[in-house]
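The values are calculated or read from the model by the stated rules, or taken from the named source; none is laboratory data. If you're wondering where the values come from, they're calculated on a predicted model, not measured in any experiment. For neighbour counting, all protein chains shown are included, and Cβ atoms are generated from backbone atoms with ideal geometry for every residue, glycine included.
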Amino acid sequence: MEEYTTKSFYGVVSLLDMMEIYASFFVEATNKFVAWERLSAASPAENEIKPEWIAQLFSEIGAFGVLCASHGFKSSTQQCNRIALEIKAKRVLKCGDIETRLGELRRRFEDELKELPFFQLSPQELTLYKSPRAGWETITDRFPKTAIDIDECSRCFAFGRYGAALFHVLLVAEYGVIALAKLLGVEGDKPGWGALERLEKLSSKPYKDRSSLEQQYSKILDSMMPFAHSMKNEWRHKINHVENKIEWVDTDFSPQMAANIIGSVRGFMDKLAFSLPNAEIKKPR
(Lines give C-alpha, C1' and ligand atoms only; values in the text may rest on other atoms or scores of the structure.)
Protein backbone atom coordinates (compact mmCIF):
# COMPACT_ATOMS: atom_id res chain seq x y z
CA MET A 1 0.00 0.00 0.00
CA GLU A 2 1.29 3.46 -0.86
CA GLU A 3 2.21 5.49 2.18
CA TYR A 4 0.27 8.59 3.09
CA THR A 5 2.29 11.53 1.86
CA THR A 6 1.39 15.00 0.64
CA LYS A 7 2.90 14.15 -2.73
CA SER A 8 0.97 10.93 -3.29
CA PHE A 9 -2.42 12.29 -2.23
CA TYR A 10 -2.32 15.99 -3.07
CA GLY A 11 0.27 16.46 -5.77
CA VAL A 12 2.08 19.70 -5.07
CA VAL A 13 0.93 21.24 -1.78
CA SER A 14 1.69 24.92 -1.25
CA LEU A 15 3.27 26.29 1.90
CA LEU A 16 0.03 28.18 2.51
CA ASP A 17 -1.93 24.90 2.50
CA MET A 18 0.56 23.28 4.85
CA MET A 19 0.41 26.14 7.33
CA GLU A 20 -3.37 26.26 7.46
CA ILE A 21 -4.60 24.15 10.37
CA TYR A 22 -8.14 23.90 11.65
CA ALA A 23 -8.19 22.76 15.27
CA SER A 24 -11.77 21.53 14.97
CA PHE A 25 -10.73 18.89 12.44
CA PHE A 26 -8.07 17.52 14.78
CA VAL A 27 -10.53 17.48 17.68
CA GLU A 28 -13.07 15.62 15.57
CA ALA A 29 -10.48 13.09 14.39
CA THR A 30 -9.19 12.50 17.93
CA ASN A 31 -12.72 11.97 19.22
CA LYS A 32 -13.36 9.40 16.49
CA PHE A 33 -10.32 7.34 17.40
CA VAL A 34 -11.09 7.52 21.11
CA ALA A 35 -14.56 6.19 20.26
CA TRP A 36 -12.98 3.38 18.22
CA GLU A 37 -10.72 2.53 21.17
CA ARG A 38 -13.68 2.35 23.52
CA LEU A 39 -15.65 0.27 21.05
CA SER A 40 -12.77 -2.19 20.76
CA ALA A 41 -12.24 -2.28 24.53
CA ALA A 42 -15.92 -3.01 25.17
CA SER A 43 -15.56 -6.46 23.60
CA PRO A 44 -13.21 -9.30 24.61
CA ALA A 45 -9.75 -8.85 23.14
CA GLU A 46 -10.02 -12.11 21.15
CA ASN A 47 -13.30 -11.15 19.44
CA GLU A 48 -13.20 -10.36 15.75
CA ILE A 49 -14.00 -6.85 14.49
CA LYS A 50 -17.05 -6.75 12.24
CA PRO A 51 -16.17 -6.38 8.52
CA GLU A 52 -18.32 -3.24 8.12
CA TRP A 53 -16.49 -1.61 11.03
CA ILE A 54 -13.14 -2.48 9.47
CA ALA A 55 -14.14 -0.79 6.18
CA GLN A 56 -15.15 2.37 8.01
CA LEU A 57 -11.99 2.39 10.13
CA PHE A 58 -9.82 1.89 7.05
CA SER A 59 -11.45 4.93 5.40
CA GLU A 60 -11.04 7.15 8.46
CA ILE A 61 -7.44 6.05 9.02
CA GLY A 62 -6.71 6.94 5.39
CA ALA A 63 -8.16 10.44 5.70
CA PHE A 64 -6.37 11.03 8.99
CA GLY A 65 -3.08 9.78 7.53
CA VAL A 66 -3.29 12.35 4.75
CA LEU A 67 -4.00 15.10 7.28
CA CYS A 68 -1.03 14.12 9.44
CA ALA A 69 1.30 13.88 6.45
CA SER A 70 0.27 17.30 5.14
CA HIS A 71 1.22 18.90 8.46
CA GLY A 72 4.46 17.03 8.96
CA PHE A 73 3.36 14.69 11.78
CA LYS A 74 5.77 11.93 10.80
CA SER A 75 5.25 9.58 13.73
CA SER A 76 1.45 9.72 13.47
CA THR A 77 1.65 9.26 9.71
CA GLN A 78 3.81 6.15 10.15
CA GLN A 79 1.33 4.68 12.60
CA CYS A 80 -1.56 5.36 10.20
CA ASN A 81 0.40 3.57 7.47
CA ARG A 82 1.05 0.64 9.79
CA ILE A 83 -2.62 0.27 10.79
CA ALA A 84 -3.81 0.60 7.20
CA LEU A 85 -1.35 -2.06 6.02
CA GLU A 86 -2.44 -4.45 8.76
CA ILE A 87 -6.11 -3.91 7.94
CA LYS A 88 -5.42 -4.59 4.27
CA ALA A 89 -3.25 -7.66 4.92
CA LYS A 90 -5.51 -9.46 7.41
CA ARG A 91 -8.95 -10.87 6.83
CA VAL A 92 -9.47 -11.35 10.55
CA LEU A 93 -8.72 -8.57 13.04
CA LYS A 94 -9.27 -8.83 16.77
CA CYS A 95 -10.61 -6.12 19.07
CA GLY A 96 -7.48 -6.21 21.22
CA ASP A 97 -5.20 -5.57 18.22
CA ILE A 98 -7.21 -2.57 17.06
CA GLU A 99 -7.41 -1.11 20.56
CA THR A 100 -3.62 -1.35 20.95
CA ARG A 101 -2.87 0.19 17.53
CA LEU A 102 -5.32 3.07 17.98
CA GLY A 103 -4.07 3.79 21.48
CA GLU A 104 -0.55 4.11 20.10
CA LEU A 105 -1.77 6.41 17.31
CA ARG A 106 -3.56 8.67 19.78
CA ARG A 107 -0.46 8.95 22.01
CA ARG A 108 1.82 9.73 19.08
CA PHE A 109 -0.58 12.35 17.80
CA GLU A 110 -0.87 14.00 21.22
CA ASP A 111 2.93 14.10 21.55
CA GLU A 112 3.35 15.73 18.16
CA LEU A 113 0.63 18.29 18.84
CA LYS A 114 2.53 19.39 21.96
CA GLU A 115 5.45 20.37 19.74
CA LEU A 116 3.31 22.40 17.34
CA PRO A 117 2.68 26.12 18.02
CA PHE A 118 -0.75 27.44 17.04
CA PHE A 119 -1.50 31.05 16.10
CA GLN A 120 -4.97 32.50 16.33
CA LEU A 121 -6.27 35.13 13.92
CA SER A 122 -9.08 37.54 14.71
CA PRO A 123 -12.03 37.61 12.27
CA GLN A 124 -10.60 40.75 10.65
CA GLU A 125 -7.14 39.20 10.34
CA LEU A 126 -8.61 36.01 8.92
CA THR A 127 -10.41 38.05 6.25
CA LEU A 128 -7.11 39.63 5.23
CA TYR A 129 -5.45 36.22 5.18
CA LYS A 130 -8.20 34.51 3.20
CA SER A 131 -9.06 37.40 0.84
CA PRO A 132 -5.85 39.40 0.54
CA ARG A 133 -6.95 41.25 -2.59
CA ALA A 134 -10.31 42.42 -1.22
CA GLY A 135 -10.57 46.14 -1.99
CA TRP A 136 -7.67 45.93 -4.43
CA GLU A 137 -9.56 44.28 -7.30
CA THR A 138 -9.52 47.33 -9.58
CA ILE A 139 -5.76 47.61 -9.11
CA THR A 140 -4.94 43.93 -9.68
CA ASP A 141 -7.19 43.88 -12.76
CA ARG A 142 -5.43 46.91 -14.21
CA PHE A 143 -1.91 46.03 -13.03
CA PRO A 144 -1.75 42.22 -12.64
CA LYS A 145 1.94 42.26 -11.70
CA THR A 146 1.09 43.93 -8.40
CA ALA A 147 -1.05 41.00 -7.23
CA ILE A 148 1.74 39.00 -5.58
CA ASP A 149 2.94 41.91 -3.45
CA ILE A 150 -0.64 42.84 -2.54
CA ASP A 151 -1.23 39.26 -1.37
CA GLU A 152 1.95 39.30 0.71
CA CYS A 153 1.18 42.73 2.15
CA SER A 154 -2.26 41.66 3.37
CA ARG A 155 -1.08 38.37 4.83
CA CYS A 156 1.92 39.93 6.57
CA PHE A 157 -0.39 42.53 8.09
CA ALA A 158 -2.74 39.77 9.25
CA PHE A 159 0.14 38.18 11.18
CA GLY A 160 1.27 41.47 12.69
CA ARG A 161 4.42 41.75 10.58
CA TYR A 162 3.86 45.40 9.77
CA GLY A 163 7.34 46.17 8.48
CA ALA A 164 7.09 43.25 6.04
CA ALA A 165 3.61 44.39 4.98
CA LEU A 166 4.99 47.83 4.15
CA PHE A 167 7.93 46.38 2.27
CA HIS A 168 5.49 44.71 -0.11
CA VAL A 169 3.02 47.56 -0.41
CA LEU A 170 5.83 50.00 -1.22
CA LEU A 171 6.78 47.73 -4.12
CA VAL A 172 3.20 48.20 -5.32
CA ALA A 173 3.55 51.98 -4.92
CA GLU A 174 6.87 51.91 -6.76
CA TYR A 175 5.17 50.16 -9.65
CA GLY A 176 2.63 52.99 -9.77
CA VAL A 177 5.27 55.73 -9.60
CA ILE A 178 7.20 54.09 -12.44
CA ALA A 179 4.02 53.71 -14.50
CA LEU A 180 3.15 57.41 -14.13
CA ALA A 181 6.75 58.49 -14.80
CA LYS A 182 6.91 56.28 -17.87
CA LEU A 183 3.73 57.82 -19.21
CA LEU A 184 5.24 61.30 -18.84
CA GLY A 185 8.68 60.32 -20.10
CA VAL A 186 10.56 60.98 -16.86
CA GLU A 187 11.27 57.42 -15.71
CA GLY A 188 15.02 57.94 -16.22
CA ASP A 189 17.74 55.43 -17.01
CA LYS A 190 17.08 53.48 -13.79
CA PRO A 191 13.36 53.73 -13.09
CA GLY A 192 12.54 53.61 -9.39
CA TRP A 193 11.72 55.89 -6.48
CA GLY A 194 13.88 58.66 -7.95
CA ALA A 195 11.05 59.13 -10.44
CA LEU A 196 8.87 60.52 -7.66
CA GLU A 197 11.12 63.55 -7.30
CA ARG A 198 11.08 64.07 -11.07
CA LEU A 199 7.28 63.93 -11.03
CA GLU A 200 7.20 66.50 -8.23
CA LYS A 201 9.42 68.84 -10.21
CA LEU A 202 7.25 68.35 -13.25
CA SER A 203 4.07 69.13 -11.34
CA SER A 204 5.58 72.36 -10.01
CA LYS A 205 6.12 73.72 -13.53
CA PRO A 206 3.58 76.26 -14.80
CA TYR A 207 1.27 74.78 -17.41
CA LYS A 208 2.62 77.04 -20.17
CA ASP A 209 6.16 75.79 -19.53
CA ARG A 210 5.27 72.14 -19.88
CA SER A 211 5.90 70.13 -23.03
CA SER A 212 3.02 69.05 -25.24
CA LEU A 213 3.14 65.56 -23.67
CA GLU A 214 3.19 67.02 -20.18
CA GLN A 215 0.27 69.30 -21.02
CA GLN A 216 -1.67 66.36 -22.49
CA TYR A 217 -1.48 64.49 -19.19
CA SER A 218 -1.48 67.47 -16.84
CA LYS A 219 -4.81 66.53 -15.30
CA ILE A 220 -3.57 63.04 -14.48
CA LEU A 221 -0.33 64.37 -13.01
CA ASP A 222 -1.99 67.11 -10.97
CA SER A 223 -4.64 64.74 -9.61
CA MET A 224 -2.06 62.09 -8.67
CA MET A 225 0.45 64.24 -6.81
CA PRO A 226 -1.73 64.72 -3.69
CA PHE A 227 -1.78 60.94 -3.31
CA ALA A 228 1.98 60.78 -3.77
CA HIS A 229 2.45 63.50 -1.15
CA SER A 230 0.10 61.61 1.18
CA MET A 231 2.26 58.50 0.90
CA LYS A 232 5.42 60.48 1.57
CA ASN A 233 3.87 62.20 4.59
CA GLU A 234 2.87 58.87 6.11
CA TRP A 235 6.33 57.33 5.87
CA ARG A 236 8.56 60.43 6.21
CA HIS A 237 9.73 59.56 9.75
CA LYS A 238 10.33 55.90 8.96
CA ILE A 239 11.64 55.70 5.40
CA ASN A 240 13.85 57.74 3.12
CA HIS A 241 13.94 57.26 -0.63
CA VAL A 242 17.42 57.93 -1.97
CA GLU A 243 17.97 57.91 -5.71
CA ASN A 244 16.13 54.79 -6.88
CA LYS A 245 15.70 52.81 -3.68
CA ILE A 246 14.05 52.80 -0.28
CA GLU A 247 16.12 53.15 2.89
CA TRP A 248 14.51 52.16 6.19
CA VAL A 249 15.18 54.60 9.02
CA ASP A 250 13.06 52.76 11.59
CA THR A 251 11.28 49.43 11.16
CA ASP A 252 9.10 49.71 14.28
CA PHE A 253 5.67 50.33 12.78
CA SER A 254 2.43 50.57 14.71
CA PRO A 255 -0.65 48.89 13.20
CA GLN A 256 -2.26 52.29 12.65
CA MET A 257 0.76 53.75 10.88
CA ALA A 258 1.06 50.68 8.67
CA ALA A 259 -2.67 50.81 7.88
CA ASN A 260 -2.39 54.50 6.97
CA ILE A 261 0.48 53.90 4.56
CA ILE A 262 -1.27 50.92 2.98
CA GLY A 263 -4.44 53.01 2.61
CA SER A 264 -2.50 55.82 0.95
CA VAL A 265 -0.89 53.41 -1.50
CA ARG A 266 -4.24 51.83 -2.31
CA GLY A 267 -5.75 55.28 -2.98
CA PHE A 268 -2.79 56.20 -5.19
CA MET A 269 -2.97 52.97 -7.18
CA ASP A 270 -6.75 53.06 -7.44
CA LYS A 271 -6.56 56.52 -8.95
CA LEU A 272 -3.88 55.37 -11.39
CA ALA A 273 -5.97 52.38 -12.42
CA PHE A 274 -8.78 54.74 -13.50
CA SER A 275 -6.61 57.53 -14.92
CA LEU A 276 -3.81 55.95 -16.92
CA PRO A 277 -4.30 55.03 -20.58
CA ASN A 278 -5.08 51.40 -21.21
CA ALA A 279 -1.79 50.59 -22.91
CA GLU A 280 0.07 47.91 -20.97
CA ILE A 281 2.73 49.30 -18.67
CA LYS A 282 5.61 46.98 -17.95
CA LYS A 283 7.76 47.46 -14.87
CA PRO A 284 11.43 47.75 -15.87
CA ARG A 285 13.76 45.18 -14.34
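Some observations on this one:
- Residue within the stretch 29-44 that is out of contact with any helix residue (DSSP H, G or I) (no Cβ under 8 Å at 6 or more places or on another chain), closer than 29 Å to residue 128 by Cα and at pLDDT below 80 present: no
- The single residue among 146, 127 that is under 16 Å from the mean Cα position of the chain (by Cα), modelled with pLDDT of 85 or more and buried (at least 18 other Cβ atoms within 10 Å of the Cβ) turns out to be 146.
- Only one of 228, 165, 181 that is more than 19 Å from residue 134 (Cβ to Cβ) and touching a residue at least 40 places away in the same chain (Cβ under 8 Å): 228
- Scanning the stretch 135-174 for residues that are part of a loop (DSSP other than H, G, I, E, B) and at negative phi gives 136, 143, 159, 161.
Condition check ((1) modelled with pLDDT under 90; (2) farther than 21 Å from residue 177 by Cβ; (3) surrounded by 14 or more Cβ atoms within 10 Å (Cβ to Cβ)) across all residues:
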residue: 101; (1), (2), (3): yes, yes, yes
residue: 104; (1), (2), (3): no, yes, yes
residue: 109; (1), (2), (3): yes, yes, yes
residue: 139; (1), (2), (3): no, no, yes
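- Per the listing 283, 271, 232, the residue uniquely charged (D, E, K, R), modelled with pLDDT under 70, closer than 26 Å to residue 156 by Cβ and part of a helix (DSSP H, G or I) is 232.
- Residues in the stretch 150-161 that are under 12 Å from the mean Cα position of the chain (by Cα) and without any contact (Cβ under 8 Å) to a residue 40 or more places away in the chain were compared, and the one that is farthest from residue 31 (Cα to Cα) is 150.
- Count of the stretch 251-268 residues, restricted to those that are charged (D, E, K, R) and either modelled with pLDDT of 85 or more or in a helix (DSSP H, G or I) (or both), is 1.
- Neighbours by Cβ (under 8 Å, 6+ apart or cross-chain): first from the stretch 84-105, touching a residue at least 40 places away in the same chain (Cβ under 8 Å); second hydroxyl-bearing (Ser, Thr, Tyr): 84/4; 95/40; 95/43; 96/40; 98/40; 99/40; 102/40; 105/76
- Test: residue in the stretch 73-83 that is in contact (Cβ under 8 Å) with a residue 12 or more places away in the chain and farther than 13 Å from residue 105 by Cα: no
- Boolean, residue 93 is assigned by TED's automatic domain parsing to the domain that holds residue 152 and either modelled with pLDDT under 85 or closer than 30 Å to residue 157 by Cβ (or both): no
- Some residue of the stretch 44-51 being assigned to a helix (DSSP H, G or I), touching a residue at least 40 places away in the same chain (Cβ under 8 Å) and outside the structural domain of residue 159 (by TED's automatic domain parsing): no
- Residue list for the stretch 108-149, restricted to those being in contact (Cβ under 8 Å) with a residue 40 or more places away in the chain, under 18 Å from residue 169 (Cβ atoms) and hydrophobic (A, V, I, L, M, F, W, C): 136, 139, 143
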